[in-house]
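Here the structure comes first, spelled out in structure tokens, and everything after it is commentary.
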Amino acid sequence: MDDPCRLYLITPPVLPPGFADQLAAALDAGDVACLQLRLKDAPRDEVKRAVEALMPIAQARDVAFLLNDDAILAAELGCDGAHLGQGDGDHAGARMLLSGRILGITCHDSRHLAMLAGEMAADYVAFGAFFPTSTKEAQYRAGTDLLEWWSEMFEIPCVAIGGITAANCAPLVRAGADFLAVVGAVWNHPEGPAAGVRAMNAAIVEAAGAA
Ligand SMILES: Cc1ncc(COP(=O)(O)OP(=O)(O)O)c(N)n1
Ligand SMILES: Cc1nc(C(=O)O)sc1CCOP(=O)(O)O
Ligand SMILES: [Mg+2]
């Protein structure tokens with residue numbers, strides 16, 4: 001049997017006051033495979049302080065802690081890995097630097113980029129955006145055919161991202177996504193982040209059961 005699809009949580013673009021407690025409550029609410037710290041354009045010192053504050057909270061719960069955009073800082077600070085986009089530096093160099101750690105690579109809607117990432121020994125490939133998102137201006141749009149093709153052809157896990165919620169995630173789970181990466185579905189959930197994690201977990205389980 002295939003490994004079940006799991007939740008991949010990304011931090012909000014700006015961390016609100018008291019975020020560490022919110023994070024702990026969210027991670028305690030259910031199954032989260034990994035946490036990505038994504039602070040676009042924050043100074044290196046601020047990112048470093050956020051890693052030092054948040055990484056122990058994730059790791060104490062067996063949640064892998066990944067840093068967005070910066071493989072060098074991820075290695076330097078002992079993160080479990082890094083997520084790199086197509087413009088985030090030298091993927092081959094990052095692979096060497098993160099030997100024994102996790103390297104994830106954005107592949108947008110592209111089979112070609114995904115195969116290159118696979119050749120680079122990425123630990124996962126990420127496709128998106130699957131739905132409209134207000135978290136960032138997404139320039140690409142991916143479809144479930146990509147997840148079906150990738151999961152039939154390759155062993156490397158695939159992550160789906162972009163506008164994913166408990167209400168719309170079922171087709172992605174059924175198409176073979178190994179992880180669903182979300183920001184808004186958890187941090188903007190009307191009943192709070194813990195409810196967001198529970199809702200995503202329940203939707204994934206239900207979709208997998210119906211597959
Ligand atoms: C899991 C995951 N997938 C895709 C992205 C997007 O990365 P990138 O294209 O580098 O864009 P930014 O996130 O850096 O704005 C991601 N961060 N995580
Ligand atoms: C960070 C990111 N990358 C995307 C891509 O398509 O590569 S979409 C996205 C935002 C994800 O946030 P939300 O779950 O709130 O839509
Ligand atoms: Mg990036």
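The values are calculated or read from the model by the stated rules, or taken from the named source; none is laboratory data. No experiment lies behind these values; they were computed from the predicted model shown. Cβ sites come from the backbone with ideal geometry, for glycine too, and all protein chains shown count toward neighbours. Keep in mind that these areas ignore ligands, DNA and RNA; they rest on the heavy atoms of the full protein, side chains included. Shrake-Rupley method; radii C 1.70, N 1.55, O 1.52, S 1.80 Å.
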Which one is modelled with the lowest pLDDT among residues in segment 1-45 that are exposed (fewer than 12 other Cβ atoms within 10 Å of the Cβ) and within 21 Å of Lys136 (Cβ to Cβ)? Asp41
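Scan segment 73-88 for residues that are outside any helix (DSSP H, G or I), under 25 Å from Ala53 (Cβ atoms) and open to solvent by 40 Å² or more (accessible area, probe 1.4 Å) and report the count. Before the answer, list the steps.
Filtering segment 73-88 down to residues outside any helix (DSSP H, G or I) leaves 77-88.
Keeping just the survivors that are under 25 Å from Ala53 (Cβ atoms) gives 77-85, 88.
This time we only want the ones that are open to solvent by 40 Å² or more (accessible area, probe 1.4 Å), so: 80, 88.
Total meeting the criteria: 2.
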Ser134 is checked against (1) more than 21 Å from Asp88 (Cβ to Cβ); (2) away from ligand 1 (no atom under 16 Å from the Cβ) and fails just one. What number does that condition carry? (2)
Could you please tell me which pairs satisfy a Cβ distance under 8 Å, a separation of 6+ or placement on different chains, a first residue in segment 54-82 that is free of Cβ contacts under 8 Å to residues at least 24 places away in the same chain, and a second residue that is among the aromatic types (Phe, Trp, Tyr) and open to solvent by less than 10 Å² (accessible area, probe 1.4 Å)? Gln59/Phe65
Of the conditions (1) over 21 Å from Ile105 (Cα atoms); (2) within 16 Å of ligand 1 (Cβ to nearest atom), Val183 clears all except one; give me its number. (1)
Only one residue in Ala208, Ala195 is touching a residue at least 60 places away in the same chain (Cβ under 8 Å) and touching a His at 6+ places or on another chain (Cβ under 8 Å). Which one? Ala195
Going through segment 58-72 one residue at a time, which ones are in a helix (DSSP H, G or I) and surrounded by fewer than 19 Cβ atoms within 10 Å (Cβ to Cβ)? Gln59, Ile72
